[in-house]
Amino acid sequence: MPTFNAFCLEQKGKLAAENKLQACGQFSETERYARLRLARSVKVGPATFCALTSRFGSARNALVALPHCREAKYRSIVLASEADIEQEFLKAERFGAKLHFQGESSFPALLGTIAPPPPVLTIMGESNLLNRPSLAIVGARNASLAGMKLTQRLAKHAGEAGLCIISGLARGIDTAAHEASLTTGTAGVFAGGLDRPYPPENKPLMRAILDHGGCLISEMPFGWEPRPADFPRRNRLVAGLANGLLVVEAAERSGSLISARLAREMQRPVMAVPGSPLDSRSAGTNALLQQGAILVAGPDDILKALNQCGIFSGSDSKSISEICPVDGDEPDDSAKIIAALSTVPVSLDELVAHTGFSGPMVQLVLMELNLAGKLQRHADGRVSLCG
């Protein structure tokens, strides 16, 4: 039987190994398992997940503490079964998908800036695509022929300029956006699990996205059938993954307007295509324009809008690093944002207020710092420089 000292040395070694992994932007297998179990537990959404991991220091500690927690807001939590979590890891492997946890370097950097970020994503395909400058395109399911043609033109041009096109795989505008950007890079976001494609008629499109080097994304577990309440959650992912959001045809109570509202709350530029007041499918987009959305009449308007927000230069020959470098001679704006950071965690809103720069500009610099391994993202959405 090992002595107490030997046990302590063993635990110390395990802790050192975990700290080394986390310093490299990766959780230990034990912590990844615990994070998935906590995220899949009943009554644990992104906000509760962040609160618990911040309070207890890790998901593993939270799982140990929850059964003894007397606070009313946590007593209704029902922990996911260990068997279900093991099955989810096995299903991901069987489907060729990977689990990406918020806080790891593989988690999409831009999505990590929203508050609160989703605890875990399941991604099939090329996840590196999500670290490119990106544009979300959403709109009506019952789109007009003119709306579909315009969407294809806008998505094709934006893709050729170097933008990844992100959408929700729905009928109509979403489908047109994905199809037009297959060869340049597109990401489709599911409302349900990755083994529950919706709508079913878009299965060939989903296969084509993977075959052309794109990716499919969900924050829901395998086997999860999409419910009406899951589509706003999917819309939040679509908005959070993109540097800007474009709405093409949307009725007055369209789900696309939820995406636009979420993007605005995330301080991402919102763009809209105007339409005839006589067409109900234009009521939502026209209302967005009245509320201050950027008018898009052609492809150049998108690149101009993103360029003015400091997000994209409009040149497909330039990478994010060339547009906004963080090493060597930084542009003045980038240098000021970096100078505002330290090893003390701060929120995006605090950085925007302190520097006076737009949310998208600050997010771009944070994303580049993250890719360079110089930024630490905390469970509550705050960021700091690596110590």
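The values are calculated or read from the model by the stated rules, or taken from the named source; none is laboratory data. Quick caveat, the model's predicted, so the values are computed rather than measured. Here Cβ is always computed from backbone atoms with ideal geometry, including for glycine, and neighbour counts include all displayed protein chains.
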- Task: Determine the pairs where a residue that is at pLDDT 50 or above, located within segment 326-340, has a partner that is outside any helix (DSSP H, G or I) and of a type in the set (Phe, Trp, Tyr) with Cβ atoms under 7 Å apart, the partner being 6 or more residues away or on another chain.
- Result: ASP333/PHE357; ILE337/PHE357
- Message: Looking at (1) on the phi < 0 side of the Ramachandran plot; (2) of a type outside the set (Asp, Glu); (3) surrounded by fewer than 17 Cβ atoms within 10 Å (Cβ to Cβ), which one does GLY213 not meet, given that it meets all the others?
- Response: (1)
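Can you tell me which residue is surrounded by the fewest Cβ atoms within 10 Å (Cβ to Cβ) among those in segment 252-265 that are modelled with pLDDT under 95 and of a type outside the set (Lys, Arg)? Talk me through it step by step, then tell me what you get.
Going through segment 252-265, the residues modelled with pLDDT under 95 turn out to be 252-255.
Retained after the next criterion (residues that are of a type outside the set (Lys, Arg)): 252, 254-255.
Details: GLU252: 12, SER254: 21, GLY255: 21.
Looking at the filtered set, the residue picked out is GLU252.
Being in contact with a helix residue (DSSP H, G or I) (Cβ under 8 Å, 6 or more places away or on another chain) and assigned to a helix (DSSP H, G or I): is that true of ALA62 here?
Values: in contact with a helix residue (DSSP H, G or I) (Cβ under 8 Å, 6 or more places away or on another chain): yes; assigned to a helix (DSSP H, G or I): yes.
So ALA62 passes the test.
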- Query: When you scan segment 71-139 for strands (runs of 3 or more DSSP E) that lie fully inside it, which ones turn up with 2 or more residues that are in contact (Cβ under 8 Å) with a residue 24 or more places away in the chain, under 14 Å from PHE222 (Cα atoms) and not assigned by TED's automatic domain parsing to the domain that holds GLY373?
  - Reply: 97-101, 120-125
- Query: When you scan segment 1-58, how many residues do you find that are among the acidic types (Asp, Glu), loosely packed, with under 12 Cβ neighbours inside 10 Å and at pLDDT 90 or above?
  - Reply: 1
- Task: Have a look at LEU135, LEU129 and point out the one that is surrounded by fewer than 24 Cβ atoms within 10 Å (Cβ to Cβ) and aliphatic (A, V, I, L, M).
- Result: LEU129
- Only one of (1) touching a Phe, Trp or Tyr at 6+ places or on another chain (Cβ under 7 Å); (2) over 21 Å from SER105 (Cα atoms); (3) touching a residue at least 60 places away in the same chain (Cβ under 8 Å) does not apply to ALA62, and that is (3)
